[in-house]
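Worksheet: one structure, shown below.
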Amino acid sequence: MSAIDLKADKIAEEAAVYGQKLAAGIQNMKEMGEISSGVTPYEVVYTEDKLRLFHYKACEGTKTTNKTPMLVVYALVNRPYMTDIQEDRSTIKGLLDNGQDVYLIDWGYADRADRFLDLDYYLNGYIDRCVDVIRERSGKEKINILGVCQGGTFSTCYTAMHQDKINALVTMVTPIDFKTPRNVLSKWVQKVDMDALVDAMGNISGDDLNDTFVNMSPYSLKLAKYINMVDVMDNPEALKNFMRMEQWIFDSPNQAGEAYKEFLKYFFQENRLVNDELTIGEYDVRLKNITCPVLNVYASKDHLVPPPASLALADKVGSKDYEEFEFKGGHIGIYVSSRAPKEVPPTISKWLSSKSK
Amino acid sequence: MTASFNKSTTSQEWMDMQKRYMESLINAQNTFANNSMNNKYPFGNYQRRTDDMFQQWQAGMMGGGMNNPNFAADMFQQQFSNAGREFMDSMNRFNGSGQMKTPDQLAMEWGAKMHDMLGEIMNSNGCPLNSFDPLDFLASIPGLGASREKQEMLAELYKRWSYFQQVSFVYYQGMAKIGMEANMAWSDYLINPPEDAEPLETPREIFNMWVRISEKVYSKYAASEEYMNAYGNMINAYSAYKSQLNKVADSVMDQFNLPTRTELDSVHKYVTQLKKDNAAMKKELKEIKAALGLKKKAPAKEAAKKTVAAKATTAKKTNTTAKKGKK
């Protein structure tokens, strides 16, 4: 049997359809207009350096049923509007619609003035002050915290250091064990001298990070994605959604050098967190000190944070109230797939509301 | 299966050109030095000596006479038209123009050609700099004279750049190897497709299958120890090179009395420490106030609201009194 059996009629049809979509798509791209970065209205309630703390506003008529506010801590890599990328694919909106009171940290764009900010400053400085602001505004002693990816690692460490301020912890696609077998990203950095790299580069360029992520699947992400993009080009809405993702993917801030160096050395290379060897500032970070309820949300087809990397949290937390939620999708799909808004925010909201007074 | 593609001479021609470039430059510089020592030109006629040196260099590059007024333009034209001719030859050899073949024959022949081309990279003796490093000799000589520190700095920069090139070559050899393996996996699929595989009926289907197979081969290599080492070595070599480049840049900035990166980093370090100290003091102050039971000062906006409200109340009372008075 031959692997190739070209059919003239199918080729002709494919070529005609491809050409039509491409032509329509070029016109659609010209008429696209501005691409939004976030759709849910918010108020900036606190600023410090480049950090802004957003307090999101629920739609009119939506009641905030959970009086314990939640703080969303996004990663330093990429921008947080992924969680609010479009009207029908917004995790933030989903949480608001399900009665949560949502705050989010926007880290801004680091520059050379941030070169020497370390993890202690980010966690025990910025995050801690944001938590205090929310506690003061809400009158609550403890708040809920939800961390995304690297933000989840930060949230986990923060909870371990400041358990007295946290009511419940939610981690989403969060790496805890950085040396699981299928963690390609971790393998790539094992032989890199981080001290030398950061000393030479200062801050780490967001463009270099993008290149690294794209190189995990170069044939698909550098080539096939743009060939197959034509399939959606004739649909203005679908094309705009594609372009929103494209904008987000390549909108990567530079990474503050010291924090980046510490994160890669202590977590990726030395795996200190899961080995109970991590110290941040004056705190020993021990996962067993996390005694509040924990919900660990992971994606079954996550190529960036393989499930075992997230699931390692189960055996390490001191909390007796630990649950997992598996989303059948990828690292990004957990936010932007069509199923995500129906599954993820309702699950998280229901869980948080049950754990909050 | 025999491939009709001749092994590329592009890399050898490139090396020959580089060699000719450096040899002609060195010869021209020797002539310059000799002419200067032998007082061929009157004292102070530096411009004439320099002109002669460049003309000789370019003539050596081009193989033309020193009186050719357009040899710079000719040099560029030769380089580009040579490169263009080579490219067109390569395309013709790949496409096998004029030959009628079935799609799978074409795909397999193309695969064989790629195999040969990538094999040339893989089987080479390493980075070209290993066989011909024109500035290595100069970079190895210790600096002399008042500018010796600068000479040593530039020599070190060159050495680090050269090492980076060599290490990068190893990385790209690895990528070439994977390109070949992906190619072979694709050929295997074409020759022996899985029993349950549907035939590929359109160019898009062929393309998507090629992507899938190639990605699988690449992913396996990307997770390997070999890749980890090659990648790490390349990044580390680049860091070393960039670090030295920063020193050179700082030295130039310093000469122009402009702030250097080192100085700015020092300032940022001080400021970061001050911010930390400031935050720690604020926290301590807050704790002390809490311990003393001191009330938190009302924020300015709220204070303004209270003042306005108080004034409104006073005004209301005054009006009421006035009205009563009128009675």
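The residues on offer are A:Pro175, A:Pro218, and the sole one that is at negative phi and more than 14 Å from chain B (Cβ to nearest Cβ) is A:Pro175. Filter the range A:56-95 down to residues that are touching an Asp or Glu at 6+ places or on another chain (Cβ under 9 Å), part of a strand (DSSP E or B) and touching a residue at least 60 places away in the same chain (Cβ under 8 Å) and give me whichever is farthest from A:Gly257 (Cα to Cα). That would be A:Ser90. For the range B:165-206, residues that are of a type in the set (A, V, I, L, M) and farther than 21 Å from A:Ser220 by Cβ total 3.
Screening A:Glu246, A:Glu258, A:Glu282, A:Glu277 for residues that are acidic (Asp, Glu) and crowded, with 20+ Cβ neighbours inside 10 Å leaves exactly one candidate, A:Glu258.
For the range A:80-131, a residue qualifies if it is of a type in the set (Phe, Trp, Tyr) and in contact with a Pro (Cβ under 9 Å, 6 or more places away or on another chain), and the qualifying residues are A:Tyr103, A:Trp107, A:Tyr109. Filtered by the rule that a residue be more than 9 Å from chain A (Cβ to nearest Cβ) and surrounded by 12 or more Cβ atoms within 10 Å (Cβ to Cβ), the range B:184-197 gives B:Met184, B:Ala185, B:Trp186, B:Ser187, B:Asp188.
The condition (being surrounded by 15 or more Cβ atoms within 10 Å (Cβ to Cβ), touching a residue at least 40 places away in the same chain (Cβ under 8 Å) and away from chain B (no Cβ under 13 Å)) is satisfied by just one residue among A:Gln100, A:Gln20: A:Gln100. Within the bounds of the range B:254-276, is there any residue that is in contact (Cβ under 8 Å) with a residue 40 or more places away in the chain and either part of a helix (DSSP H, G or I) or at the interface with chain A (Cβ under 10 Å from one of its Cβ atoms) (or both)? So far as the range B:254-276 goes, no, none of its residues is in contact (Cβ under 8 Å) with a residue 40 or more places away in the chain and either part of a helix (DSSP H, G or I) or at the interface with chain A (Cβ under 10 Å from one of its Cβ atoms) (or both). Exactly one residue out of A:Ala238, A:Ala196, A:Ala259, A:Ala200 is among the small types (Gly, Ala, Ser), assigned to a helix (DSSP H, G or I) and away from every other protein chain (no Cβ under 12 Å): that is A:Ala238.
For the range A:106-117, residues that are more than 14 Å from chain B (Cβ to nearest Cβ) and surrounded by fewer than 22 Cβ atoms within 10 Å (Cβ to Cβ) total 3.
Yes/no per residue for (1) of a type outside the set (A, V, I, L, M); (2) surrounded by fewer than 14 Cβ atoms within 10 Å (Cβ to Cβ):
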position	(1), (2)
B:Lys247	yes, no
B:Asp250	yes, no
B:Leu258	no, yes
B:Arg261	yes, no
B:Tyr270	yes, yes
B:Leu274	no, yes
B:Asn278	yes, yes
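For the structure I just gave you, tell me whether A:Ile143 is more than 14 Å from every other protein chain (Cβ to nearest Cβ), closer than 24 Å to B:Lys275 by Cα, in contact with a Pro (Cβ under 7 Å, 6 or more places away or on another chain) and at pLDDT 95 or above. In short, no.
The values are calculated or read from the model by the stated rules, or taken from the named source; none is laboratory data. What you are looking at is a predicted structure, and each value in this text was computed from that prediction instead of being measured. Methodologically, a virtual Cβ is constructed for each residue, glycine included, from the backbone with ideal geometry; neighbour enumeration extends over all protein chains shown.
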